[in-house]
Amino acid sequence: MAIRVRDIIPVIMGLVLCSCAWTTGNPKIIDASVIQAIHSGNATMAAVEGSLGPPDRKVSGVGKDETWEYSHTSYYMVAPYWEMQANILKIQFSNGRVMDIKQGYVDQEGITIWPYVKE
């Protein structure tokens with residue numbers, strides 16, 4: 001049995017049509033120059049909000065301590081392969097000034113048959 005090009009074209013077209021990529025969240029947090037401009041001890045809450053915009057989440061701490069959390073997530077899908085990368089930025093404030101900046105990311109990927117049906 002020989003595979004002909006005209007038999008493969010519908011499969012290729014199906015994969016191309018099922019391919020997509022999208023992002024959610026704040027793209028400024030993946031720009032190293034923006035993050036490097038925020039200096040611990042000097043930057044204020046107003047300066048951070050001016051650079052990055054409002055945070056996704058604010059967590060109050062003891063006294064006047066507060067942590068702001070930002071995220072940016074990228075999704076890629078080429079059926080049946082998928083990948084997700086979430087970038088996370090946490091900025092800790094004390095008395096209205098930046099005390100600590102933490103960055104991290106979570107990366108997941110896999111192969112699945114779409115649509116996914118939970119058992």
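The values are calculated or read from the model by the stated rules, or taken from the named source; none is laboratory data. Since we're looking at a predicted model, the values are computed, not measured. Here Cβ is always computed from backbone atoms with ideal geometry, including for glycine, and neighbour counts include all displayed protein chains.
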**Study point:** Cross-chain or 6+ apart pairs with Cβ under 7 Å, region 43-63 first and without any contact (Cβ under 8 Å) to a residue 60 or more places away in the chain and part of a helix (DSSP H, G or I), then hydroxyl-bearing (Ser, Thr, Tyr) and surrounded by 14 or more Cβ atoms within 10 Å (Cβ to Cβ)
**Key:** Leu52/Tyr70
Review point. Within region 77-107, restricting attention to residues that are part of a strand (DSSP E or B), at pLDDT below 90 and of a type outside the set (A, V, I, L, M), which residue is surrounded by the fewest Cβ atoms within 10 Å (Cβ to Cβ)?
Key: Tyr81
Check your understanding: Looking at region 43-63, is at least one residue modelled with pLDDT of 95 or more, of a type outside the set (Lys, Arg), touching a His at 6+ places or on another chain (Cβ under 8 Å) and more than 27 Å from Cys20 (Cα to Cα)?
Key -> no
Exercise for review: Considering only residues that are surrounded by fewer than 17 Cβ atoms within 10 Å (Cβ to Cβ) and within 25 Å of Gly41 (Cβ to Cβ), look in region 64-76 and name the one that is farthest from the chain's Cα centre (by Cα).
Suggested key: Lys64
Check your understanding: Which number in (1) at pLDDT below 90; (2) within 19 Å of the chain's Cα centre (by Cα); (3) outside any strand (DSSP E or B) marks the one condition that Val34 misses?
Key -> (1)
Practice item. Could you figure out which of (1) small (Gly, Ala, Ser); (2) over 17 Å from Cys20 (Cα atoms); (3) in a strand (DSSP E or B) isn't true of Ser74? Key: (2)
